[in-house]
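These notes concern the structure reproduced below.
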Amino acid sequence: MLKVAKFGGSSVAGPEQFQKVRHIVEADPARRIVVASAAGKRFSDDHKLTDLLYLCHAHLTYGVSCDDILASIRSRFVGIRDALELRFDIEDAFDAYAARLSRDTSVDELVSRGEYFTSLLLAEYLGYRFVDAADCVFFGYDGQIDRPKTYEAIRAALGDSARIVIPGFYGRLPTGKIKVMTRGGSDISGALAAAAVDADVYENWTDVSGILMADPRIVDNPAPIDKITYAELQELAFMGASVLHEDSISPVKEKGIALNIRNTNRPGDPGTMILGDVADERVEEDERFITGIAGRRNFTILTVKKRNMNTSASLRQSLEILDRYHTPVEHITLGLDSFALVSSTAALGDGVYDVIADIQKAVRPDDIQIQEGISLVATIGRKMIAQPGTSGRLFHALGKAGINIRTIAQGADELSIIVGVENKDFEAAIRVLYGRFAG
Ligand code: ASP
């Protein structure tokens, strides 16, 4: 068994968090590769080291002294080293680096030092070998990760029996320069490490006990999702739930490696397990068969009506028009003599009147209506396929709550049922559905 454990910024924010990380790592000998972010916030108005480093770079660029910021970064590292009684001479290493800083220092190199020094401290504390990401995570000339080269280097670094810490968030370009990923990129580094060594599990340790079934700003205390497939996760993310970035999922998803989101502050919680496929799952009568509920506001419905219309031809023409205006269509509903297209209001923008004029010209309909202010609410769940009557219950629940449904769509793979409601009913619809299926 081999696990890659990635710890986010809040998990390595200070010495107490380092202690929790060590307990977690020591509790399971399979956790042989640890990937770490830069120390994050210890309390809500604290600063992430990465933010401070970006700020340093801005000061350097404008020729303003960044000594104070450097001093506060340094003292964070010294504080961790002292509290944990480590030997690493962080003052010496940090001061030597700071002395080299100039207006020409690359921003990527400077901000990568958050992960670099945090990981050096963590490696000593865990008794693991430090492997610099500059030596095992490689970008190509196109700025994309060179996966074959990266995988080979990480495999070589791990060897047969090593236990290693790799800093997240950065790697090296073919020119030898350091390049950072997008913010939150340590998730990507962890996924690359897991894919490189064909890990059994990629654990992503953070400060929440997994992905929640609904947005906690809308539903009080939503339950965490215990198991979810990558396909369901994609639907949830598409429908607006904030989950991991696609880039941090694809390396493990491609290899069918399970991704487990865990809470460093509550290591006993199982978190959310994201799997390629959940085989042989039996759905018990009274069990929750919904995985999650998500939604997005501000869509527009364009309804086109024409008696005896050649629906396929008119639909094709209308879709081509929307395509010309670079407007993706989220849903299509068809009637005998009508169809409705749902697109994001922002994507339509001011072009909406030109779109209508072009459809008038091409289709010559009896009537076109536009309705703005629509929200789409998706109920997502792989188990719904096996449950007759789900949509009936869903519509009944919304109807009983007095929520008018404007459009209905079922995802082609039957993973989701999506209803369009008025923006004013958005939150109520999510609460009603959560209460009906998950509460
Ligand atoms: N430290 C970087 C950031 O804050 C990367 C990461 O934490 O994953 O964005």
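We did not get these values from a lab; they are worked out from the coordinates using the rules stated. No experiment lies behind these values; they were computed from the predicted model shown. Quick reminder, even Gly has a Cβ in these numbers, built from the backbone with ideal geometry, and neighbours come from all protein chains shown.
Just a few scattered comments:
- Pairs from Lys383/Lys424; Lys3/Lys177; Lys149/Lys255; Lys227/Lys424 whose Cα-Cα separation, in the structure shown, is over 24 Å: Lys383/Lys424; Lys3/Lys177; Lys227/Lys424
- Separation of alpha-carbon centers, segment 47-82 and segment 369-436, rounded to whole Å: 48 Å
- Under DSSP loop assignment and at most 14 Cβ neighbours within 10 Å, longest chymotrypsin sites (Phe, Trp or Tyr not before Pro)-free interval of the chain: 142-439
- Unit charges on C-beta of K, R, D, E only; dipole of the chain, Debye: 400 debye
- Inter-label distance, nm, simple model (7 Å from Cα along the C-beta direction), Lys227/Ala58: 4.7 nm
- Contour minus Cα-Cα distance for Ala397 and Arg324 (0.36 nm per residue): 22.4 nm
- Distance between modelled label sites at Ala362 and Ser75, nm, 7 Å Cα→Cβ extension: 6.4 nm
- What the Cβ-Cβ distance of Ser242 and Leu334 gives, at R0 = 35 Å and to the nearest 0.05, is a FRET efficiency of 0.60.
- Relative contact order [Cα under 8 Å, 6+ residues apart], the chain, whole percent: 13 percent
- Of Gly185, Gly351, Gly373, the one that fluctuates the most in a GNM where the chain has Cα springs shorter than 10 Å: Gly351
- Antiparallel beta bridges, as assigned by DSSP with both residues in the chain, represent about 60 percent of the total such bridges.
- For a 4.7 Å threshold on C-beta separation, the list of partnerless cysteines in the chain reads Cys136.
- Candidate cross-link partners of Lys41 among the lysines, defined by an alpha-carbon separation under 24 Å and a same-chain spacing of 8 or more, comprise Lys6, Lys20, Lys179.
- Residue-span extension gain [Thr182 to Phe43] - 0.36 nm each, minus C-alpha spacing: 47.7 nm
- Computing FRET efficiency as 1/(1 + (r/R0)^6) for Ile385 and His23, where r is the C-beta to C-beta distance and R0 is 45 Å, gives about 0.65.
- For the pair Asp269 and Val107, a Förster radius of 41 Å applied to the C-beta separation gives a FRET efficiency near 0.65, rounded to the nearest 0.05.
- Reach of Lys253 by Cα under 16 Å, taken over aspartates and glutamates that are not fewer than 8 positions away in the same chain: Asp187, Asp198, Asp200, Glu203, Glu232, Glu235, Asp277
- Under DSSP loop assignment and at most 15 Cβ neighbours within 10 Å, longest GluC sites (Glu not before Pro)-free interval of the chain: 86-280
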